[in-house]
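Here the structure comes first, spelled out in structure tokens, and everything after it is commentary.
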Amino acid sequence: MIKIVKRDQPSRAIFFLTPILAIFLTLVAGGLIFYILGFKPFEALKFFFIVPIADKYGFSELLLKATPLCLIAIGLSFCFKSNNWNIGAEGQLTFGAIVSGGVALLFYEQEGFYILPIVILAGAIGGMLYASIPAILKTYFNTNEILVSLMLVYVSKLILDYLVVGPWSNPEGFNFPETRQFSDSARLPLLFEGLRIHAGIFLALASVVISWFVFYKTYLGFQMKVSGFSLKTAKYAGYKGKKMIILVFLISGACAGLAGVGEITGPIGQLHREVSPDYGFTAIIVAFLGRLHPVGIIFASLVVAITYLGAETAQIFMQIPKYTGQVFQGMILFFLLASDYLLFFKFKFIGSKK
Amino acid sequence: MIIDINFIGLIIASIMASAVPLILASCGELITERSGVLNLGVEGMMIIGAISGFALMTVTGSLIIAVFGAMLAGVLISTIFAFLTQTLITNHVATGLALTIFGIGISAMIGKNFVGIPGKEFPVLFESLKDTIPLLGPILFGHSIVFYFAFALPFITSYFLKKTKIGLIVRAVGDSPESASNQGINVRLVRYACILYGGSMSGLAGAYLSMIYTPQWIENMTGGRGWIALALVVFSTWNPIKILIGAMIFGGLTIIQFHMQAIGVRIPVQFLTALPYIVTIVVLVVISRDSRKIRLSTPSSLGKSFHKDN
């Protein structure tokens, strides 16, 4: 007989092992779905997870997709650690892209080393401004940040749509919904000839280092941790809750805004309707899969980035619908949450020994 | 300019029609939340209902199978949520988000083969009475059965919560699971039931969209209505009758936006489309400012896991 027993203390080893279990279970369930859809499961999984990253170009694409995911997830981990449910990173990314894109357009056909830093800064500020809305409404008007941050995603995409169709559209662009190409000085430099991976990856890596330092070496990190465990304790300890809430939202918005800058000044080079294939939502999964730990998030962003590439490859080679990527992302989170059960409970086998 | 009085009736009827999916999903979610469970997966369950209803209608040709099939699909997908949050005690917010991402993905995957297929005509009731009464005729008559059900649902829900024993149990579980459990109520069972019921209503809301409101399958066709439904529950301060008012306001915004475009108001279309989302935020701010009122009306255990140690 098997009995379920509560653990005295959550297991730390299992805390970092369950993400791997979750990925494994996702692969099994994914194979099953492919089988039901009438594809050969192993072949489909191969096209989904191995073929896309088998060469140099594929690996560069993997890093290209993992960069925004990592950056946003790092920002979100500040919010999630302290019990703030910012789920509107997609909107903060979009608004960051709008502000930095606007600045980049101001420097149209100009050259200068100072342009790129200004554009990057503008993106971070844009993201922060947009994240400050749910933060201020939460702290001063008691408004649910989940719903506000989410509604703002729709609004940001409509603002972007308005701008690229209307006032910012390329005057020589035959009415295509896109702006002019940014000047070279407003573009992030490419790292290798012929590959799309760009200097934005250093922004992501910097965010990893900084967040690790803040989480584990500063008083703010400690406050966040306490507030995450228990808001009552945080209040009792006299932490200035409101300030912290606004701060974590600003950090998270800045990261999402930077991810937006990375996209438009990296691979895209202009503003158009689709600056992000839902990186802001997918990064939520990355943050959880990485256990809100900076190093964990690096690995998680690489794993989840594969689902983007795999979906494209599987569509081209096997006509598997590209939304399978999203299905995989949802499943990873389901299995991860489910396997958390093992953190708090263990199975005890009774009966074999008496 | 003479405005035909029946034209006003038609506009009101169209506002009501666009309120239907919001009412259905909100009333379902309200029951779920009253039992103490916050299910953020409404958007995902709704879109699953939309594709299931449309696919079943196309494949089987039966509207009845399609409508009930969509509700069943909502129940099935919400079972995942129920199992995770109630049996495996996972975080409600994260699980609900996963449900939405998963639902949107699955629906697009299934829906790939149904893009561009025309829908079927859904039968309407009392069509012949439409012209008998000016103004009220188009408002009251000539709608689908789902439409009438949606407008009865807030009253049924209110009666259920206030006057029936099961309704009382649901409220007790949401307000104090510990005491309910001590009274011998199976908290987990009640919450399971409420989650599945919420799923069925979201499924029905989705089916209304793809089978009656815009009878075709379009990817992502719920377009945030699931999230607006969640906001409506807060707006209503967990009172089903107020959901009716809220849903009419949002339905009105959607319809007015169409008419403003039609008569050529010189506001960019994107701003009009953004209006419902912006108004949702403004309304949430106004409602939530009174933190005491919110605290009194929110089910006390909302979003908190309950685990009974054996």
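Remarks
- Matching residues, the stretch B:33-43, being under 12 Å from the mean Cα position of the chain (by Cα) and assigned to a helix (DSSP H, G or I): B:Val42, B:Glu43
- Only listed residue being in contact (Cβ under 8 Å) with a residue 24 or more places away in the chain and loosely packed, with under 15 Cβ neighbours inside 10 Å, chosen from B:Pro154, B:Pro123, B:Pro138: B:Pro123
- Residue count, the stretch B:195-217 (criterion: away from chain A (no Cβ under 14 Å) and either hydroxyl-bearing (Ser, Thr, Tyr) or in a loop (DSSP other than H, G, I, E, B) (or both)): 9
- Residue ID - nearest to A:Phe213 (Cα to Cα), chosen from residues in the stretch A:275-331 that are more than 10 Å from chain B (Cβ to nearest Cβ) and not in a helix (DSSP H, G or I): A:His293
- One residue from A:Met318, A:Met331 being over 19 Å from the mean Cα position of the chain (by Cα) and either under 22 Å from A:Pro52 (Cα atoms) or crowded, with 23+ Cβ neighbours inside 10 Å (or both): A:Met318
- Lone unmet requirement of (1) without any contact (Cβ under 8 Å) to a residue 40 or more places away in the chain; (2) under 21 Å from B:Leu296 (Cβ atoms); (3) not polar (S, T, N, Q) for B:Pro177: (1)
- Of the helices (runs of 4 or more DSSP H) lying entirely inside the stretch B:44-154, those containing at least 1 residues that are within 27 Å of A:Leu289 (Cβ to Cβ) and within 14 Å of chain A (Cβ to nearest Cβ) are B:63-82, B:92-111.
- Hey, A:Leu160 within 14 Å of chain B (Cβ to nearest Cβ), buried (at least 23 other Cβ atoms within 10 Å of the Cβ) and farther than 29 Å from B:Thr298 by Cβ or not: yes
- Residue check, B:Val286 touching a Leu at 6+ places or on another chain (Cβ under 7 Å), β-branched (Val, Ile, Thr) and outside any loop (DSSP other than H, G, I, E, B): no
- Helices (runs of 4 or more DSSP H) wholly inside the stretch A:36-146 that include at least 1 residues being within 15 Å of the chain's Cα centre (by Cα): A:56-81, A:89-106, A:115-141
- Cβ pairs under 6 Å, 6+ apart, first in the stretch A:137-155 and at the interface with chain B (Cβ under 7 Å from one of its Cβ atoms) and closer than 18 Å to B:Leu40 by Cα, second of a type in the set (S, T, N, Q) and crowded, with 23+ Cβ neighbours inside 10 Å: A:Met151/B:Thr280
- Considered as a group, the residues in the stretch A:193-213 that are in a helix (DSSP H, G or I), of a type in the set (Val, Ile, Thr) and touching a residue at least 12 places away in the same chain (Cβ under 8 Å) include one that is nearest to A:His293 (Cα to Cα), and that residue is A:Val208.
- Any hit, the stretch B:1-17, residues being crowded, with 24+ Cβ neighbours inside 10 Å and either hydrophobic (A, V, I, L, M, F, W, C) or in contact with a Lys or Arg (Cβ under 8 Å, 6 or more places away or on another chain) (or both): no
- Residue in the stretch A:86-118 that is nearest to the other protein chains (Cβ to nearest Cβ), counting only those that are of a type in the set (Gly, Ala, Ser) and out of contact with any Phe, Trp or Tyr (no Cβ under 9 Å at 6 or more places or on another chain): A:Ala97
- Residues satisfying the stated conditions in the stretch A:274-332, i.e. modelled with pLDDT of 90 or more and among the hydroxyl-bearing types (Ser, Thr, Tyr): A:Ser276, A:Tyr279, A:Thr282, A:Ser301, A:Thr307, A:Tyr308
- Entry remark, the stretch A:222-256: residues being crowded, with 19+ Cβ neighbours inside 10 Å, small (Gly, Ala, Ser) and over 12 Å from A:Leu76 (Cα atoms) number 2 in total.
- Check on B:Leu275, at the interface with chain A (Cβ under 10 Å from one of its Cβ atoms) and buried (at least 16 other Cβ atoms within 10 Å of the Cβ): yes
- Looking at A:Phe78, A:Phe47, just one residue is crowded, with 24+ Cβ neighbours inside 10 Å and of a type in the set (Phe, Trp, Tyr), and that residue is A:Phe78.
- Sole residue being of a type in the set (D, E, K, R), surrounded by fewer than 24 Cβ atoms within 10 Å (Cβ to Cβ) and closer than 20 Å to A:Gly325 by Cα, chosen from A:Glu109, A:Glu61: A:Glu61
This table checks each residue for (1) in contact with a helix residue (DSSP H, G or I) (Cβ under 8 Å, 6 or more places away or on another chain); (2) at pLDDT 95 or above; (3) closer than 19 Å to B:Gly96 by Cβ; (4) buried (at least 21 other Cβ atoms within 10 Å of the Cβ).
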residue: B:Leu30; (1), (2), (3), (4): yes, yes, yes, yes
residue: B:Val37; (1), (2), (3), (4): yes, yes, yes, yes
residue: B:Met45; (1), (2), (3), (4): yes, yes, yes, yes
residue: B:Ile51; (1), (2), (3), (4): yes, yes, no, yes
residue: B:Phe54; (1), (2), (3), (4): yes, yes, no, yes
residue: B:Gly61; (1), (2), (3), (4): no, no, no, no
residue: B:Ala66; (1), (2), (3), (4): yes, yes, no, yes
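- Scanning the stretch A:338-350 for residues that are facing another protein chain (nearest Cβ under 7 Å), crowded, with 20+ Cβ neighbours inside 10 Å and farther than 16 Å from B:Ile77 by Cα turns up just one, A:Asp340.
- Among (1) at pLDDT below 90; (2) buried (at least 16 other Cβ atoms within 10 Å of the Cβ); (3) assigned to a loop (DSSP other than H, G, I, E, B), the one test that B:Trp238 misses: (1)
- Single residue of A:Leu121, A:Leu129 found to be more than 9 Å from chain B (Cβ to nearest Cβ), touching a residue at least 24 places away in the same chain (Cβ under 8 Å) and out of contact with any helix residue (DSSP H, G or I) (no Cβ under 6 Å at 6 or more places or on another chain): A:Leu129
The values are calculated or read from the model by the stated rules, or taken from the named source; none is laboratory data. Note that this is a predicted model, so its numbers are computed, not measured. With ideal geometry, Cβ positions are generated from the backbone for all residues, glycine too; neighbour counts draw on all protein chains shown.
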